[in-house]
Amino acid sequence: MNERGSAGTLGSAEDRFQQVLGTLQRGMEAQQWRTWFRNMRLGSWADGQLKILLPNRFYQEWFQSKFHDRVRAAAEKHTDGPVQVLFVVEDEDGPSVNGTDGEAVAEPTPAPLFVAPESAPAPSPGWPDDLFDATPINPHYTFRDFVTGPSNEMAYASARGVADEPGTNYNPLFIHGAVGLGKTHLLHAIGNEFRRRFPEQRMCILSCEEFTNAFIHALGHNQVEAFRERLRKVHLLIIDDIHFLANKERTQEEFFNTFNRLHQLGCQIVLSSDAAPSDIPALKERLVSRFNWGLVTCLEQPETETRMAILTRKAHQFGITLPSDVVEFIAAHFRNNIRELEGAVQSVKARADIEGGVVDLALAERALAGRIRMPERKLDIDTIAAAVCAHYQVEAGDLKSRRRTRNISVPRQVAMYLARELTHLSLQEIGAWFGGRDHTTVLFGVQKTEERMRQDPRLAQLLGRLRDRLGAP
Ligand code: ADP
Ligand code: MG
């Protein structure tokens with residue numbers, strides 16, 4: 001059976017596939033789409049069988065367990081009758097669907113579970129090598145203590161995969177993401193798990209800076225060969241913050257050689273970086289391509305629910321309990337990374353220890369006042385109106401009055417807009433300030449201002465300046 005059929009059939013399969021993608025995309029978070037579905041391609045679609053090509057086994061397993069039903073349902077929307085969905089790994093020899101036999105479903109033969117370099121001697125107990133002890137593994141950075149959500153579940157699962165079957169699945173594993181999103185945590189979790197499962201095996205966990213320094217030291221002391229030998233005896237090599245290699249040509253060269261050798265031996269390599277391989281400045285092309293060999297996965301900023309879960313977990317670890325409004329408050333104000341969230345919990349705990357009181361919202365606000373901008377708490381309509389009046393040369397009384405000439409109504413509506421944006425007041429409360437107007441009038445004023453801003457960039461700029469003057473974000 002020729003599954004590809006004629007060109008015409010394939011064309012229409014591709015069209016239908018695009019429609020399926022559209023259906024899937026509409027039904028999910030943008031982030032989830034980006035993480036998983038961007039890399040999926042049509043293998044073939046004929047005789048009720050849809051083959052989807054995925055970059056590697058990791059995706060295959062993940063799709064099989066998490067997305068199978070969803071993909072099938074989407075596919076069935078765009079065709080008659082049931083659809084059998086197969087997720088196929090597109091390997092380097094070309095997608096397996098190129099074959100005409102039914103064996104095309106990629107069950108890639110996994111490499112042996114773990115291939116230790118034959119030359120590796122049994123680990124000597126007192127290995128006198130500070131290189132291998134450079135970074136002590138942090139015992140608190142475990143998989144169990146890593147809270148997952150859509151922003152990090154792929155990185156988490158791939159790290160787990162590597163720890164469970166090193167050297168087999170994704171080699172190298174490359175985890176990238178901005179600062180404070182959990183790269184070091186995941187790398188150490190792999191290290192902890194590896195040590196637990198394979199206590200006999202050697203591993204080396206280094207920051208890239210340590211790697212560089214050790215190499216430079218070896219260079220300076222004529223010990224490069226010894227350096228290489230030692231490094232090449234490890235079974236798991238973890239290097240954190242590999243972007244540090246940028247612009248270091250000699251170290252890159254050395255790393256390239258080490259990488260190739262270890263990779264050939266089936267040793268697992270795990271790397272982290274603040275950017276994707278191709279975005280690391282001045283990284284040699286051949287290293288970029290090596291880093292892309294395995295699985296590249298990204299940690300993104302955690303979404304609200306994940307931040308809340310992390311806060312609860314961290315509070316528990318620090319020995320305090322946070323009421324839910326405090327959790328929400330912190331999650332709303334600390335969005336960028338997890339280190340910030342930890343810092344916030346620590347501040348709240350410190351404050352609670354000093355004051356000896358219960359942890360409530362007021363205490364959290366006091367504890368974090370210095371670290372967050374809360375203009376909406378400090379700003380009231382009087383302050384906002386004063387800034388608006390100063391600009392338009394009108395009086396607060398004019399804003400509250402019934403006068404409806406344009407020179408009054410425009411500043412009034414601008415003030416309504418800012419009051420809506422920068423205070424916690426309801427439309428009714430804002431209306432009350434403006435001479436007892438009702439909430440629909442306020443809403444109209446807000447909308448009118450938005451409309452004018454769209455039409456007139458100068459008004460948008462003015463509002464930006466007013467916000468600055470008010471100290472609002
Ligand atoms: P990075 O190396 O990306 O800068 P880290 O791994 O040092 O970030 O993480 C910063 C802090 O946040 C660490 O204390 C880490 O334990 C914590 N952390 C990061 N991600 C998570 C998570 N998903 N769950 C729990 N703690 C996390
Ligand atoms: Mg780090």
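The values are calculated or read from the model by the stated rules, or taken from the named source; none is laboratory data. As the structure is a prediction and not an experimental result, all values here were calculated from the model. Cβ coordinates were reconstructed from backbone atoms using ideal geometry, including for glycine residues, and neighbour counts include every protein chain displayed. In case anyone asks, the SASA skips ligands and DNA or RNA and just uses the protein heavy atoms, side chains included. Shrake-Rupley method; radii C 1.70, N 1.55, O 1.52, S 1.80 Å.
For region 150-194, enumerate the residues that are more than 8 Å from ligand 1 (Cβ to nearest atom) and either within 15 Å of the chain's Cα centre (by Cα) or not assigned by TED's automatic domain parsing to the domain that holds C208 (or both).
Scanning region 150-194 gives P150, S151, E153, M154, A155, A157, S158, A159, F174, I175, H176.
Of the numbered conditions (1) touching a helix residue (DSSP H, G or I) at 6+ places or on another chain (Cβ under 9 Å); (2) away from ligand 1 (no atom under 16 Å from the Cβ), R402 fails exactly one; give the number of that condition.
(1)
Which one is farthest from ligand 1 (Cβ to nearest atom) among residues in region 334-360 that are of a type in the set (A, V, I, L, M, F, W, C) and within 17 Å of R307 (Cα to Cα)?
It comes out as V348.
What tally of residues in region 282-316 results from selecting those that are under 19 Å from G149 (Cα atoms) and of a type outside the set (A, V, I, L, M)?
So the answer is 14.
If you scan region 320-339, which residues turn out to be at pLDDT 90 or above and open to solvent by 60 Å² or more (accessible area, probe 1.4 Å)?
Result: T321, S324, D325, E328, R339.
I'm checking my understanding of the structure. Among residues of region 420-455 that are open to solvent by 50 Å² or more (accessible area, probe 1.4 Å) and among the charged types (D, E, K, R), which one is nearest to the chain's Cα centre (by Cα)?
E421
Conditions tested, residue by residue: (1) of a type in the set (V, I, T); (2) in a helix (DSSP H, G or I); (3) at pLDDT 90 or above.
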| position | (1), (2), (3) |
| --- | --- |
| E107 | no, no, no |
| P123 | no, no, no |
| P128 | no, no, no |
| F132 | no, yes, no |
| H140 | no, no, yes |
| F143 | no, no, yes |
| A163 | no, yes, yes |
| N171 | no, no, yes |
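Only one of (1) surrounded by 14 or more Cβ atoms within 10 Å (Cβ to Cβ); (2) on the phi > 0 side of the Ramachandran plot is not met by Q393, so which one is it?
Just one mismatch for Q393, condition (1).
Taking region 252-279 as the search range and keeping residues that are at pLDDT 90 or above and among the β-branched types (V, I, T), which one is surrounded by the fewest Cβ atoms within 10 Å (Cβ to Cβ)?
I269
From R339, R313, R402, grab the single residue that is more than 29 Å from the chain's Cα centre (by Cα), of a type in the set (D, E, K, R) and either under 22 Å from A432 (Cβ atoms) or assigned to a helix (DSSP H, G or I) (or both).
Among R339, R313, R402, only R402 is more than 29 Å from the chain's Cα centre (by Cα), of a type in the set (D, E, K, R) and either under 22 Å from A432 (Cβ atoms) or assigned to a helix (DSSP H, G or I) (or both).
Got a sec? Which of T297, T321, T383 is among the hydroxyl-bearing types (S, T, Y) and within 22 Å of A178 (Cα to Cα)?
Residue meeting the stated conditions: T297.
Of all residues in region 131-155 being without any contact (Cβ under 8 Å) to a residue 60 or more places away in the chain, away from ligand 2 (no atom under 14 Å from the Cβ) and within 30 Å of Q223 (Cβ to Cβ), which is surrounded by the fewest Cβ atoms within 10 Å (Cβ to Cβ)?
P136
Of the conditions (1) free of Cβ contacts under 8 Å to residues at least 40 places away in the same chain; (2) assigned by TED's automatic domain parsing to the domain that holds E209; (3) open to solvent by 10 Å² or more (accessible area, probe 1.4 Å), K314 clears all except one; give me its number.
For K314, the exception is condition (2).
Any residue in region 225-252 that is on the phi > 0 side of the Ramachandran plot sitting within a Cβ distance under 7 Å of a residue that is at pLDDT 90 or above and surrounded by 20 or more Cβ atoms within 10 Å (Cβ to Cβ)? List the pairs, counting only those 6 or more apart or interchain.
Cβ pairs passing all conditions: D241/C208; D241/S272; D241/S273.
Residues are listed down the side, and each one gets a yes or a no for (1) of a type in the set (S, T, N, Q); (2) not assigned by TED's automatic domain parsing to the domain that holds V348:
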| residue | (1), (2) |
| --- | --- |
| A367 | no, no |
| A385 | no, yes |
| S409 | yes, yes |
| L462 | no, yes |
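Step by step: first the residues of region 255-276, then only those that are part of a helix (DSSP H, G or I) and closer than 22 Å to R160 by Cβ, then the one that is nearest to ligand 2 (Cβ to nearest atom). Which residue is that?
Checking each candidate, the answer is L262.
Which of the residues spanning region 405-419 are of a type in the set (G, A, S) and over 39 Å from the mean Cα position of the chain (by Cα)?
Hit for region 405-419 is S409, nothing else.
Looking at T297 and the list (1) surrounded by fewer than 18 Cβ atoms within 10 Å (Cβ to Cβ); (2) not in a helix (DSSP H, G or I), which single condition is not satisfied?
Only one criterion is unmet by T297, namely (1).
Find the residue count for region 156-175, including only residues that are surrounded by 21 or more Cβ atoms within 10 Å (Cβ to Cβ), among the β-branched types (V, I, T) and away from ligand 2 (no atom under 16 Å from the Cβ).
Total satisfying the criteria: 1.
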